[in-house]
1. Quick one: which residue in G409, G376, G353, G362 is surrounded by fewer than 19 Cβ atoms within 10 Å (Cβ to Cβ) and at positive phi?
2. Scan the range 248-269 and report the pairs whose first residue is among the polar types (S, T, N, Q) and whose second residue is part of a loop (DSSP other than H, G, I, E, B), with Cβ atoms within less than 6 Å and a gap of 6+ or a chain change.
3. Just need a number here: residues in the range 298-316 that are without any contact (Cβ under 8 Å) to a residue 40 or more places away in the chain and in contact with an Asp or Glu (Cβ under 8 Å, 6 or more places away or on another chain).
4. Checking F465 against (1) farther than 30 Å from F175 by Cβ; (2) crowded, with 19+ Cβ neighbours inside 10 Å; (3) free of Cβ contacts under 8 Å to residues at least 60 places away in the same chain, only one condition comes out false. Which one?
5. One residue is enough: does the range 118-127 have a residue meeting the conditions touching a residue at least 24 places away in the same chain (Cβ under 8 Å), of a type outside the set (K, R), farther than 28 Å from A334 by Cα and in contact with a helix residue (DSSP H, G or I) (Cβ under 7 Å, 6 or more places away or on another chain)?
6. Among the listed residues F260, F342, which satisfies the condition of being under 22 Å from the mean Cα position of the chain (by Cα) and of a type in the set (F, W, Y)?
7. What number of residues within the range 466-492 are of a type in the set (A, V, I, L, M, F, W, C) and farther than 24 Å from D433 by Cα?
8. Just checking, does the range 286-297 include any residue being closer than 26 Å to E188 by Cβ, touching a residue at least 40 places away in the same chain (Cβ under 8 Å) and either touching a strand residue (DSSP E or B) at 6+ places or on another chain (Cβ under 8 Å) or not charged (D, E, K, R) (or both)?
Amino acid sequence: MEHNSQKYAAAFDKSEVSKCLLCIDPPCTGACPQHADIGNILKSLYFRNYIGAVNKLSCDCTYCNAPCEKVCVHSDTRLPVNIREILMQVKRDAWVLPEEKIDHVDLSTDICGIKLENPFLLSSSVVASSYDMCKRAFEAGWAGASFKTICSFPQHETSPRFSAIRHHSNAFCGFKNIEQLSDHSVEENMQIFEKLKEEFPTKVIIASIMGQNEQEWTDLAAKCEKAGASVIECNFSCPNMEDDDLGVTIGQSPELVEKFTRATKAGTKLPVLAKLTPNITDMVPIALAAKRGGADGIAAINTINSITGVDIDTLVAEPAVSGKSIVGGYSGNAVKPIALRFISDLSRCKELGGLHISGMGGIETWRDALEFILLGSGSLQITTAVMQYGYRIIDDMINGLEEYMKCKGIFSVKDLIGAAADTVVDHHSIERDTILFPVFDYELCNGCGRCYISCMDGGHQAIKFDFETRKPILVGSKCVGCHLCRLVCSEKAIKTARKVVKK
């Protein structure tokens with residue numbers, strides 16, 4: 001069964017929704033004369049939870065003069081979000097759900113037998129660095145948190161410590177941090193664990209730890225277990241350490257990963273995850289070393305070594321700290337393709353079979369999350385999206401995944417884990433003997449000519465353009481089926497059709 005929101009997503013104009021700032025206590029909601037939760041609807045659309053948005057739509061905007069737009073925070077400085085048109089399009093384009101849609105699904109999963117009420121966890125970072133933050137996240141619906149990495153040595157943080165790459169809507173798609181580990185003492189963190197475990201016994205606390213030697217790894221694991229942690233995560237991957245022998249340096253050495261994983265296992269009976277770095281060509285040998293050391297699972301990926309940019313006025317790389325900068329960890333939606341590649345590598349390795357994979361790296365919507373699950377992740381960890389949008393994103397993460405499963409007739413999220421893993425094959429195994437031609441849908445085509453320009457200057461000159469009718473025309477004898485034209489089309493007006501065998 002096709003998930004109906006796929007068709008809806010293709011037609012829905014996301015550019016207007018992307019202007020929404022996702023305000024706290026959105027004025028548009030308070031201004032609606034029909035008392036519709038407009039802010040929540042826009043949030044669901046922003047995070048691609050289209051079915052959820054339709055289910056929340058309780059108003060008819062046909063004869064409304066849109067007071068919601070008059071109070072939009074954009075209205076004083078620029079054109080407000082065209083809320084009325086967005087909601088009317090949602091109502092106009094809403095679809096009939098399949099008759100065989102199921103009523104209830106189970107999002108629960110586990111980490112090596114430790115139950116999660118849903119797959120969504122906060123990853124070890126500033127978003128999970130205090131009792132109050134974790135409390136609010138748990139109350140919002142997150143299944144657990146990997147607490148900011150605990151260590152016994154002092155931290156010396158910089159200011160500022162973040163920079164970002166933004167897209168057209170001004171939200172950032174790429175994010176750089178040069179932040180280090182928890183600035184609480186080990187004892188303070190243990191008190192936080194005890195309090196969280198007492199108040200939220202069903203939530204999963206992952207204790208991220210980092211030691212300077214084998215004894216410290218052992219001792220920290222033992223203390224965290226005693227304080228109420230459910231899982232231990234070895235941080236073998238932080239790229240921002242002052243000491244060159246810690247963090248990412250460990251994660252690039254199979255010998256050190258094996259040694260410190262074994263030391264951690266010596267201090268606890270809890271499941272142990274090795275959190276690995278993407279700053280390496282092949283993660284599999286490192287994961288195998290972790291398995292030899294006794295790891296029960298792998299957490300991946302941590303951030304990627306990066307420089308996000310240089311301020312062309314000050315001539316200093318970003319973020320600038322007293323006129324200097326350093327290489328830092330890159331995260332955000334931009335790193336998702338790299339993260340998915342590593343998840344795929346891990347899940348397809350037979351020697352790693354049986355190890356849990358906790359996936360992270362660029363997850364922003366339920367669809368991103370589902371892709372990680374389909375390639376083999378049994379749990380998911382999120383930071384950058386929370387830093388930008390807050391804990392509230394969990395609503396559409398959960399609801400979007402639930403609605404997808406209901407439409408697909410899939411009861412348990414566990415049935416989705418690794419469902420797409422086998423579709424990734426080696427280079428010599430991919431089919432190379434046919435061409436799949438693009439086909440133009442002239443009813444959807446707006447005549448912009450972008451497909452023509454891209455094919456002429458970046459493809460195989462297989463598209464002509466009729467400047468009178470403003471329509472593209474395929475030159476089949478030159479087309480190689482690369483589908484660059486489909487990717488640049490803003491209207492989804494290029495489909496696929498006839499497949500032919502190469503001559």
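1. Numbers: G376 fails: surrounded by fewer than 19 Cβ atoms within 10 Å (Cβ to Cβ); G353 fails: at positive phi; G362 fails: surrounded by fewer than 19 Cβ atoms within 10 Å (Cβ to Cβ).
When all the criteria are applied, what remains is G409.
2. Matching pairs, first to second residue: Q252/I280; T261/G293; T261/G294; T261/A295.
3. Looking only at that region, the number is 2.
4. All conditions pass for F465, except number (2).
5. Quick first cut of the range 118-127, residues touching a residue at least 24 places away in the same chain (Cβ under 8 Å) only: 118-127.
Still in the running and of a type outside the set (K, R): 118-127.
Within this subset, residues satisfying the condition of being farther than 28 Å from A334 by Cα are none.
For the range 118-127, residues touching a residue at least 24 places away in the same chain (Cβ under 8 Å), of a type outside the set (K, R), farther than 28 Å from A334 by Cα and in contact with a helix residue (DSSP H, G or I) (Cβ under 7 Å, 6 or more places away or on another chain): absent.
6. Working: F260 fails: under 22 Å from the mean Cα position of the chain (by Cα).
Among F260, F342, only F342 is under 22 Å from the mean Cα position of the chain (by Cα) and of a type in the set (F, W, Y).
7. Here is the first cut: in the range 466-492, the residues of a type in the set (A, V, I, L, M, F, W, C) are 467, 473-475, 479-480, 482, 484-485, 487-489.
Among the residues that remain, those that are also farther than 24 Å from D433 by Cα are: 467, 473, 488-489.
The number of residues fulfilling the criteria is 4.
8. Initially, the range 286-297 is screened for residues closer than 26 Å to E188 by Cβ, giving none.
There is no residue in the range 286-297 that is closer than 26 Å to E188 by Cβ, touching a residue at least 40 places away in the same chain (Cβ under 8 Å) and either touching a strand residue (DSSP E or B) at 6+ places or on another chain (Cβ under 8 Å) or not charged (D, E, K, R) (or both).
The values are calculated or read from the model by the stated rules, or taken from the named source; none is laboratory data. Note that the structure is a prediction, hence the values are computed from the model and not measured. Quick reminder, even Gly has a Cβ in these numbers, built from the backbone with ideal geometry, and neighbours come from all protein chains shown.
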